[in-house]
Each structure stands twice: as structure tokens, then as C-alpha cells.
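Where a number appears in this text, it was derived from the coordinates with a stated rule and is not lab data. All values derive from a computational prediction rather than experimental measurement. Please note: Cβ atoms are built from the backbone with ideal geometry, for glycine as well, and neighbour counts cover all protein chains shown.
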Amino acid sequence: MNKLLFVANWKSHKLTKDVHPYLWTLTPLLSKLDLSNKEIVVCPSFPTLEIFTQFVRVNDLPIGVGAQNISAYDEGAYTGEVNAEQVKEFAGYVIIGHSERKKYLKETPEDIKLKVEKAKQAGLTVILCVQDENDTVVDGADIIAYEPPTAIGTGKPDSPENIAKVFQKLYDRYPSVRFLYGGSVKPENIKDFVSVPHLQGFLIGGASLDPDEFYQLIAQC
Ligand code: PGA
């Protein structure tokens, strides 16, 4: 039985000076919890990844670290890109194909396929985002996060019934993948989703930015 996975997606938030205070608050809160059946991963922005990971390693915290994106290319002359091997120095996970990247950065199914390949070659655990059950799923995804765009950052999560339908369709095709739900998951509503069949965790944006709120989410499950 997999542990329930809580993935924090910080998106383009926070500066390096915010990282230690966040962890100083979160760590004692987490120590109050039985984490034997829970797994926590935080995905900071690239500039905050190193400082975050160093703090986690030095203090041996029960927190995994992920990146929010990687390059579709290897090391080389790709200005502005961060490749999978560079990510691997600081993170074990990577989010690929988030709908905000599709919308604002025009990321294509081909880009996503290449990114998943590069991530797997580097030994990263891939959290692949899909918008619905018909979205591109690339071989090699370890975790699929179902995130309907209408639910992201809107305060209007999908219904547990619909999430169950989407998961069932995905599960029929990808039975060995872990399934997360993301989109307006908050401390007030997280309990509505925990018993959805095949759900094995959450991808959390806004509510992960405040360590108390993130802790509340975890504590309720
Ligand atoms: P949200 O974002 O929790 O702020 O809706 C989720 C996500 O986009 O990963």
C-alpha cells in the first residue's frame, strides 16, 4: 500500500529568504504527526531549490524535494534551460506538463514526452499533470496528477464523483501509476477527497504556500 502523498507546488512564489522561516514553522508541526503512512514533497522554484534541499538534508527532514519543470534537452547550449541532471543534484521528483506551462509557455505533447524521457534517464520520479482522462500520458510517468484547469486556483475543486470517474478511466489504462488530485485543495475540503477510489495523494498549490495551512491539510488525512 502506497503512502498518501502530499506534493506542494510553490509555483513562481517565494524568495530564498522565505525558505528557512517556512521550514522552521513546518518542521515542528510535522513532528507532531504520525508520518508512517504519509509522504511529503515540496517543489520550490529553481532559485530556492538548493537552499531548500540543503536545509532538508542537514536536518534530515522527512520531506522530499521536487522541481516544477525540466529542460527537454540534455546539457548544452540551451540558454535559460535547467536540465534533468542539474535538477537531480537537488531533487528527486519533477512535475512535468502542468497546465499553466501548457497555457502560458505553450508546452506541447512532444515537449512533455522529451521531458519525461530526460527525467527518467536522470532517475527522477515523474509527476505528470493531466487536465482530463484524455490528456497525453507518456510512458514513464510514475505519478499522474489530475488537475482540471477550471479547478486550479479558483476555489472551485472538481467533485469527488467526477474525480473518481477520471481516476477509474486512467487506472484502467495505467494500473501501476499513483494518482493525485490537484485543484483548490484546502484544509476545509481535503476530507471530501480522501476516500475517492484510486486517490493516493494531492498536488497542492495555493494552500501549500503557508506552512500552517499545508500542515493542516496533512494533519486532516
Ligand atoms: P491550487 O493549484 O491548489 O492553487 O489550485 C494546484 C496546482 O496547480 O498544482
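The figures follow:
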item	result
Those trypsin sites (Lys or Arg not before Pro) in region 63-149 that DSSP places in a loop and that have at most 10 other beta carbons within 10 Å	Lys106
Pairwise Lys count, region 49-186 - Cα closer than 20 Å, eight or more residues apart or different chains	14
Label point distance in nm, Glu213-Asn134, each placed 7 Å from Cα along Cα→Cβ	3.3 nm
GluC sites (Glu not before Pro) lying in DSSP loop within region 107-188, provided at most 14 other Cβ fall within 10 Å	Glu188
Percentage relative contact order, the chain, counting C-alpha pairs under 8 Å, at least six apart	21 percent
Longest segment of the chain lacking chymotrypsin sites (Phe, Trp or Tyr not before Pro) that sit in a DSSP loop with at most 14 other Cβ atoms within 10 Å	79-221
Volume in Å³ per residue [convex hull over Cα atoms, computed for region 34-91]	87 Å³
Radius 13 Å from Cβ of Gly123, net charge of other residues (Lys, Arg +1; Asp, Glu -1)	-1
Diffusion coefficient, µm² s⁻¹, Stokes-Einstein with Kirkwood Rh over alpha-carbon pairs of the chain at 37 °C and 0.692 mPa s	188 µm²/s
DSSP H segments from the chain that extend 15 Å or more along their own axis, Cα-based, with Kyte-Doolittle mean of 1.6 or above	none
Listed residues Thr27, Thr79, Thr16, most fluctuating in the chain (Gaussian network, C-alpha, under 10 Å)	Thr79
Rg over Rh, two decimals, region 100-221 (C-alpha only, Kirkwood Rh)	0.96
